[in-house]
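Data block below; observations after.
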Amino acid sequence: MARSSSLSTARAPWAWALSGAVLGLLLATVLFAPALWLAGRVHTASAGQVLLQDARGTVWNGSSQVTLTGGPGSSDSSALPGRLAWRVQPGWGALQLSVFADCCMQTPLVLDVLPRWGGVQVRMQDQRSQWPALLLTGLGTPWNTIRAQGQLALSSQGFGVQWLHGRLALQGQLQVDAIDMASRLSTLRPMGSYRFVVTGGDTPRLNLSTTQGSLQLHGSGQWTDGRLRFEGEASAAPERQDALSNLLNIIGRREGARSIIKVG
């Protein structure tokens, strides 16, 4: 009995050392997980439409080139100019994600991610940025057909997303200004500038309006049961109908001089 106790006591330091080594390895794996791991998770979550290429650094602090694609089997792709950098900082009951694209941002986009019972809440700190519309071409249909050119200016005010028990809720406001837009489907350059406004609430709403231009777009919609239902129309200034006719035939159902747009 004494011999067994003595052997157990002798093995104890080795057991503690082994446990410490395993714990240290797990901690190192978590803290220094390569950015390549994150690239794989983003690829899976986006069904292959968002690629983090030439990923450097770690999951917590890294950078990569970003390419958008139409998914598996698609030949469409477009790359964001420059690199995208990120930093993840754990906190008490939350994660803060900071993202910076040197091509398109003056200040980083900061997201606070808060786990909730039955879901998650994401709050976006107020942000302004500007992105090339041509980037959307990489996502495939219908963007590869329209091949939009121009600038997309994004701004937010108190915007947040909450996903609880399978239900989507939005707070605040998100605005996208599509500035001096053009398309390979029309010889008219630019066709116009447009504003998309997403407003949160019990029933989040989307509003589309024209700020200037010969191609007139307007419409409104709302998210119901997690799905967007949108109705709008497009029309051309009388002196520009020939230049915009082909585009009007594609973006909606043609009714005389108008094109009716429906989603959902």
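The values are calculated or read from the model by the stated rules, or taken from the named source; none is laboratory data. Small disclaimer: the values here were computed from a predicted structure and weren't measured. Heads up, the Cβs are rebuilt from the backbone with ideal geometry, glycines too, and the neighbour counts pull from every protein chain shown. Just the protein is used for accessible areas: all its heavy atoms, side chains included, with ligands, DNA and RNA removed. Shrake-Rupley method; radii C 1.70, N 1.55, O 1.52, S 1.80 Å.
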Residue (of I179, T107, L168) at the positive-pole extreme of the range 106-189, dipole from beta-carbon charges: L168
Cα centre as origin, Lys/Arg/Asp/Glu Cβ charges: the range 122-264 dipole, Debye: 240 debye
Rounded accessible area of H165 (nearest 10 Å², 1.4 Å probe): 130 Å²
Per residue accessible area in Å² of the chain, where ligands, DNA and RNA are left out and the probe is 1.4 Å: 60 Å²
Candidate residues T141, T67: accessible-area rank, largest first, probe 1.4 Å: T141, T67
Accessible carbon and sulfur surface of the chain relative to its total accessible area, %, 1.4 Å: 58 percent
Distant alpha-carbon pairs in the range 136-182 (separation over 16 angstrom), percent: 60 percent
Cα-based equivalent ellipsoid of the range 114-204: semi-axis lengths in Å, sorted from largest, via gyration tensor: 31, 15, 11
Expected 222 nm ellipticity per residue - DSSP helices of 4 or more, -39500 (n - 2.57), all of the chain, to 500: -7000 deg cm²/dmol
Surface/4 estimate of mean projected area, convex hull on alpha-carbon atoms of the range 173-229, nm²: 4.4 nm²
Expected-Rg normalisation [2.2 N^0.38 Å, Cα atoms] applied to the range 158-264: 1.21
Under the Karplus curve 6.51 cos²θ - 1.76 cosθ + 1.60, θ = phi - 60°, whole-Hz ³J(HN,Hα) for the range 210-227, x wherever Gly or Pro sits: 9, 8, 5, x, 7, 8, 9, 10, 7, x, 8, x, 8, 8, 10, 6, x, 10
Top positive-direction residue, dipole computed over the chain with Cβ charges, set A94, S129, N249: A94
Rg/Rh (Cα only; Kirkwood hydrodynamic radius) as it applies to the chain: 1.15
For the chain, size of Cβ-based charge dipole, Lys and Arg +1, Asp and Glu -1, in debye: 620 debye
Residues listed by number, the range 236-264, amide nitrogen under 20 Å from S74 label point at 7 Å toward C-beta: 250-252, 263-264
Gain in span if fully extended, Q222 to A257, counting 0.36 nm per residue against the direct Cα distance: 10.0 nm
Residue-count net charge about S259 - beta-carbon cut-off 9 Å; Lys, Arg +1, Asp, Glu -1: +1
Within the range 108-181: Cβ-based charge dipole about Cα centre, in debye rounded to nearest 20 (Lys, Arg +1; Asp, Glu -1): 240 debye
